[in-house]
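Working notes for the structure below.
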Amino acid sequence: MKTLTLVAPAKINLYLEILGDRPDGFHELAMVMQSIALGDRLHLRPRSGHGFQLSCDRPDLEVDERNLILKAAQRLQRSFPQLGGVEFFLEKRIPIGAGLAGGSTDGAAALVGLDLFSHLGLTQPELEAIAAELGSDMPFCIAGATQLCTGRGEQLTPLPPLPELPIVLAKFESLSVSTPWAYGRYREQFGDRYLQTESARRDRLQALHAGPLLQAMSAGDPVAIAQHLRNDLEAVVLPEYPQVAKLRAVLGNCAGILAAQMSGSGPSVFGIADSPAAAQTAVEQVRQAIADPDLKLWATTTVSHGIQTEV
């Protein structure tokens with residue numbers, strides 16, 4: 001194989017509930033994650049030796065050992081020393097530091113790509129297990145589509161794929177929110193509400209399975225889905241970042257937007273539109289309402305796949 005290109009979709013959180021603390025320092029979560037068409041492209045080609053090299057079309061993105069692409073490659077090489085050298089080139093389209101799993105999906109693409117490139121024959125569960133060592137969102141990024149994610153986010157339960165929903169995505173390019181800060185602040189403010197026992201958490205997950213959001217998703221009803229979005233981290237991020245709060249409110253008030261919500265720990269905001277035309281109109285309405293060149297907007301859709309090879 002001379003070259004290989006993979007598409008690495010971003011994700012949004014239709015639902016993010018913080019259930020409690022974990023012994024490993026993370027939080028016990030219940031999330032519904034959804035892949036969207038906005039994605040990066042990762043190109044692989046062989047290079048001499050057994051090392052890895054990464055370059056990117058975004059000069060502001062680190063391309064050293066801090067990048068999850070190289071971390072994933074080095075982790076896989078520890079299990080498979082026979083891996084030959086590979087040169088990675090990343091076309092970065094997902095905004096950086098956005099709560100959209102951009103780094104995680106790139107790392108997931110590296111795992112999938114190296115498996116295919118070197119004919120390792122790993123199964124998807126094996127790839128997801130390796131991905132879970134590197135990041136909580138990475139197993140989802142490999143599987144993609146629509147998943148209920150529990151534990152710290154790495155335990156996946158596939159949900160029925162959604163119909164293609166129009167999505168408006170918005171982010172101030174220079175603004176970022178620290179994920180550890182967001183979860184730490186939530187613990188400070190709301191830790192007294194955490195579920196303290198395993199049985200209480202199991203009961204909560206069972207209630208979520210039988211609840212209105214998953215029922216609406218099973219029915220493929222965008223209006224009902226929009227009524228039951230949830231992101232607990234909004235409670236701490238929106239008061240601290242008024243730009244994000246305003247963006248969420250403006251997008252949510254656009255004609256044809258069924259609901260708007262922050263994704264992950266932010267600062268990206270997404271809206272579910274009732275039609276592709278409404279999504280495009282909302283992009284223009286938000287641009288007019290918030291005349292800031294730092295604000296970036298995209299009209300995209302949900303997709304029913306994770307990492308895949310480009311045809």
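The values are calculated or read from the model by the stated rules, or taken from the named source; none is laboratory data. The model shown is predicted, which means the values in this text are computed figures rather than measured ones. Note that each Cβ is placed from the backbone with ideal geometry, even for glycine, and that neighbours are counted across all protein chains shown. Quick note on the areas: whole protein, heavy atoms, side chains included, nothing else; ligands and nucleic acids left out. Shrake-Rupley method; radii C 1.70, N 1.55, O 1.52, S 1.80 Å.
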Check on Ala108, closer than 30 Å to Arg204 by Cα, hydrophobic (A, V, I, L, M, F, W, C) and loosely packed, with under 15 Cβ neighbours inside 10 Å | no
Considering the stretch 153-180 alone, what residues qualify as being over 21 Å from Met33 (Cβ atoms) and out of contact with any helix residue (DSSP H, G or I) (no Cβ under 8 Å at 6 or more places or on another chain)?
-> Glu173, Ser174
Could we say that Pro239 is surrounded by fewer than 16 Cβ atoms within 10 Å (Cβ to Cβ) and under 19 Å from Leu16 (Cα atoms) here?
-> yes
Scanning for something aliphatic (A, V, I, L, M), in a loop (DSSP other than H, G, I, E, B), within 30 Å of Leu295 (Cβ to Cβ) and in contact (Cβ under 8 Å) with a residue 60 or more places away in the chain, does the stretch 123-146 turn up at least one residue?
-> yes
Pro160 farther than 20 Å from Ala108 by Cα, out of contact with any strand residue (DSSP E or B) (no Cβ under 6 Å at 6 or more places or on another chain), open to solvent by 20 Å² or more (accessible area, probe 1.4 Å) and assigned to a helix (DSSP H, G or I) = no
Any idea which of Gly103, Gly39 is under 22 Å from Leu16 (Cα atoms) and touching a helix residue (DSSP H, G or I) at 6+ places or on another chain (Cβ under 6 Å)?
-> Gly103
Determine the pairs where a residue that is closer than 18 Å to Glu17 by Cα, located within the stretch 215-234, has a partner that is loosely packed, with under 15 Cβ neighbours inside 10 Å with Cβ atoms under 7 Å apart, the partner being 6 or more residues away or on another chain.
-> Met217/Pro160; His228/Pro212
The lone exception for Ser199 - which of (1) open to solvent by less than 30 Å² (accessible area, probe 1.4 Å); (2) closer than 26 Å to Ser136 by Cβ it fails | (1)
Residues of the stretch 68-105 satisfying the condition of being among the hydroxyl-bearing types (Ser, Thr, Tyr), open to solvent by 10 Å² or more (accessible area, probe 1.4 Å) and either at positive phi or under 19 Å from the mean Cα position of the chain (by Cα) (or both) = Ser104
Taking the stretch 125-178 on its own, how many of its residues are closer than 20 Å to Pro222 by Cα and not charged (D, E, K, R)?
-> 17
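Per-residue answers, yes or no, for (1) of a type in the set (Lys, Arg); (2) under 17 Å from Phe140 (Cα atoms); (3) touching a residue at least 40 places away in the same chain (Cβ under 8 Å):
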position	(1), (2), (3)
Asn13	no, yes, yes
Gly51	no, no, no
Arg58	yes, no, no
Pro95	no, no, yes
From Leu233, Leu165, grab the single residue that is touching a Phe, Trp or Tyr at 6+ places or on another chain (Cβ under 8 Å) and open to solvent by less than 20 Å² (accessible area, probe 1.4 Å).
-> Leu233
Restricting the stretch 268-311 to residues that are acidic (Asp, Glu) and either surrounded by fewer than 16 Cβ atoms within 10 Å (Cβ to Cβ) or within 16 Å of the chain's Cα centre (by Cα) (or both), the one nearest to Leu111 (Cα to Cα) turns out to be Glu310
Restricting the stretch 111-122 to residues that are assigned to a helix (DSSP H, G or I) and open to solvent by 10 Å² or more (accessible area, probe 1.4 Å), the one farthest from Met138 (Cα to Cα) turns out to be Phe117
Filter the stretch 36-89 down to residues that are under 19 Å from Asp115 (Cβ atoms) and of a type in the set (Gly, Ala, Ser), then give me how many there are.
-> 7
